[in-house]
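Novice: Quick one: this structure, given as structure tokens, is what I'll be asking you about.
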Amino acid sequence: MAETTLPDGRVELRGADELKRSPLYSEDLAPVPIARRTWNTWDYAALWISMAHCIPTYQLASGLIGKGMSWWQALVTILVGNAIVLVPILLNSHAGTKYGIPFPVFARASYGVYGSNLPALMRALIACGWFGINAWIGGLALQTFFRSIWRGWADLGGTIHGYPTTQWISFLLFWALNIAIIYKGMELVRRVERFAAPFVLVMTAALLGWAIWRAGGLGPIMASGGQLDSGQFFSVFVPALTGTIGFWSTLSLNMPDFTRFGRSQREQVIGQTVALPSTMTVFAGMGIMITSATVLLYGKPIDDPIALGGMFSNRLIVGIAMFTIVIATLAVNIAANVVSPANDFANALPGKIKFSTGGLITGIIGILMMPWELLANADRYINGWLVGYSGSLGSIAGVLIVDYWVLRKTQLDVKSLYLRDGAYEYKRGWNLAAVYATLIGAGVALAGAFWDAMHPIYNWSWFVGFGLAGGVYWVLMKGRFTQVR
């Protein structure tokens with residue numbers, strides 16, 4: 001068993017058959033051979049374009065408007081937040097492309113071969129929540145589509161928990177569609193992303209064109225300013241910025257799940273750098289302008305594109321609009337919220353939980369997390385959900401980046417990532433320094449959610465978690481790093 005380093009810096013593990021006997025090995029978690037690393041610049045750009053063009057992005061932008069920001073303040077907040085989160089995304093992406101390993105295996109280097117289950121399962125549970133949110137949104141789109149075909153659809157079967165019974169049927173249908181695609185594997189995921197990226201962008205641009213035409217041009221739409229003075233703005237901006245970072249702090253950890261298929265570092269870096277900040281800002285801008293136009297057209301802001309699409313009288317237009325939303329939601333849900341937890345659950349029990357089984361577990365937990373409650377209002381969505389989990393994920397990112405870039409200088413022993421008693425065994429498979437650093441960072445960052453005196457820190461939760469956990473980990477590991485490397 002030996003490692004081969006290519007001229008471009010990528011590493012391939014050869015003669016790895018003996019690893020198959022290890023309890024830490026499975027085909028889903030194995031390093032991707034060089035021949036199968038086929039994703040190019042467009043694949044990564046398409047991935048981000050399709051993931052950013054989703055209803056949660058639209059709702060994030062509209063939610064900032066609802067909190068009193070002007071259109072340009074909301075756009076600047078989203079642009080700055082995505083530029084910041086791009087940094088840990090690219091830093092953690094490097095190991096995936098260089099070694100062909102997924103996120104939970106990458107985390108074994110810093111947390112230990114068993115300790116990696118801590119960050120992996122923390123990330124997985126948040127992905128389950130996002131899976132549920134997007135499945136609920138996709139179900140709403142299907143419900144609107146079915147109602148446009150049959151006006152009496154919503155009245156069938158009464159109500160359950162305050163929603164039409166048919167809404168629950170639509171939710172489960174969309175949920176099942178997600179699971180069916182993930183059972184087909186990563187190649188179908190790539191094809192879905194490639195199709196969804198340009199399709200959703202074109203259809204959203206068409207809706208924006210309609211809104212501008214009906215509102216009489218951009219002037220009336222952009223004329224209204226924000227409702228915040230300078231003092232109020234900062235109190236809204238800080239949690240909004242943290243929430244924006246939290247939006248993709250999930251992918252800032254598990255991008256190795258995708259970059260392990262990359263042809264080169266250059267292509268994955270360019271694809272992500274070009275697509276993420278620009279796409280999020282442009283799509284959010286579309287959502288802001290469309291929402292602003294609805295104030296002029298209907299006398300009130302309609303920040304839900306599903307509700308807006310359902311207001312058209314032409315059934316064909318409703319059908320096209322809902323199909324677009326279904327495709328957009330399907331693409332982001334599979335890429336952002338199934339691939340990672342499927343790998344994470346597989347990492348917990350290698351050889352017993354397959355990638356597809358992990359996807360099914362994700363879907364079931366997503367239902368149990370009651371996504372309809374997470375979407376109940378904008379404050380719960382942004383200040384509760386997004387800001388709430390960003391501190392814990394920021395803590396994990398701090399540990400991973402300090403370990404890989406500062407302490408190890410990007411050098412990993414790939415075979416030891418799959419073996420007991422290797423370089424990453426630490427103490428019975430757990431690196432307690434990483435565990436302590438993560439718990440300290442996350443604990444301090446999230447304390448403000450329960451203790452008013454700490455609430456200002458909570459508003460900065462991602463930054464606090466990232467800086468504190470990374471600093472604590474560096475202190476704990478620096479003195480003995482040469483002994484455990």
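Novice: Here's a check for you: in the stretch 111-131, which residue that is of a type in the set (G, A, S) and modelled with pLDDT of 90 or more is farthest from the chain's Cα centre (by Cα)?
Specialist: Step by step, filter the stretch 111-131, then rank; the result is G112.
Novice: Same structure, new question: Which number in (1) at pLDDT below 95; (2) part of a helix (DSSP H, G or I); (3) more than 30 Å from D303 (Cα to Cα) marks the one condition that S340 misses?
Specialist: (3)
Novice: Starting from residues that are among the polar types (S, T, N, Q) and modelled with pLDDT of 85 or more, keep the ones in the stretch 27-72 and report whichever is surrounded by the most Cβ atoms within 10 Å (Cβ to Cβ).
Specialist: Ranking the qualifying residues of the stretch 27-72, first place goes to T41.
Novice: Condition test on V338, is it farther than 24 Å from L360 by Cα and out of contact with any His (no Cβ under 8 Å at 6 or more places or on another chain)?
Specialist: Judged against the criteria, V338 is not a match.
Novice: How many residues does the stretch 34-73 hold that are over 20 Å from the mean Cα position of the chain (by Cα) and either outside any helix (DSSP H, G or I) or among the hydrophobic types (A, V, I, L, M, F, W, C) (or both)?
Specialist: Residues that pass the stated criteria total 12.
Novice: Also: List the pairs whose first member sits in the stretch 211-239 and is at positive phi, whose second member is modelled with pLDDT of 70 or more and surrounded by 14 or more Cβ atoms within 10 Å (Cβ to Cβ), and whose Cβ atoms are under 9 Å apart, counting only residues at least 6 apart or on separate chains?
Specialist: Partner pairs satisfying both residue conditions: G216/L296.
Novice: Additional query: Which one is farthest from A120 (Cα to Cα), of the residues in the stretch 428-464 that are over 23 Å from the mean Cα position of the chain (by Cα) and not in a helix (DSSP H, G or I)?
Specialist: Here the residue is W451.
Novice: Output the qualifying pairs, or none if there are none: Cβ atoms under 6 angstrom, residues six or more apart or on different chains, first residue in the stretch 349-365 and over 15 Å from L121 (Cα atoms), second residue among the small types (G, A, S) and surrounded by 18 or more Cβ atoms within 10 Å (Cβ to Cβ).
Specialist: Within 6 Å, the pairs are G351/S26.
Novice: Taking helices (runs of 4 or more DSSP H) that do not extend beyond the stretch 94-153, which have at least 2 residues that are within 23 Å of N333 (Cα to Cα) and not aromatic (F, W, Y)?
Specialist: It comes to 103-106, 117-149.
Novice: Of all residues being in a helix (DSSP H, G or I) and of a type in the set (G, A, S) in the stretch 264-291, which is surrounded by the fewest Cβ atoms within 10 Å (Cβ to Cβ)? Just the residue, please. Lay out the reasoning, then the answer.
Specialist: Our first condition is that a residue be in a helix (DSSP H, G or I); within the stretch 264-291, this holds for 265-291.
Imposing the further condition that a residue be of a type in the set (G, A, S) reduces the set to 271, 275, 278, 284-285, 287.
Numbers: G271: 23, A275: 23, S278: 16, A284: 26, G285: 18, G287: 26.
Among those that are in a helix (DSSP H, G or I) and of a type in the set (G, A, S), it is S278.
Novice: Can I ask one more? Would it be correct to say that R485 is at pLDDT below 85, charged (D, E, K, R) and either surrounded by fewer than 15 Cβ atoms within 10 Å (Cβ to Cβ) or more than 25 Å from the chain's Cα centre (by Cα) (or both)? Show your work before the answer.
Specialist: Details: at pLDDT below 85: yes; charged (D, E, K, R): yes; either surrounded by fewer than 15 Cβ atoms within 10 Å (Cβ to Cβ) or more than 25 Å from the chain's Cα centre (by Cα) (or both): yes.
Criteria met by R485.
Novice: Taking the condition of being at pLDDT below 90 and on the phi > 0 side of the Ramachandran plot, how many residues in the stretch 73-107 meet it?
Specialist: Residues meeting the conditions: 0.
Novice: Spot the failing condition for E425; the list is (1) within 26 Å of V87 (Cα to Cα); (2) outside any helix (DSSP H, G or I), and only one is missed.
Specialist: Result: E425 fails condition (1) only.
The values are calculated or read from the model by the stated rules, or taken from the named source; none is laboratory data. Please read these numbers as outputs of a predicted model, since none were measured by experiment. No Cβ is skipped: glycine too gets one built from the backbone with ideal geometry, and neighbour counts run over all protein chains shown.
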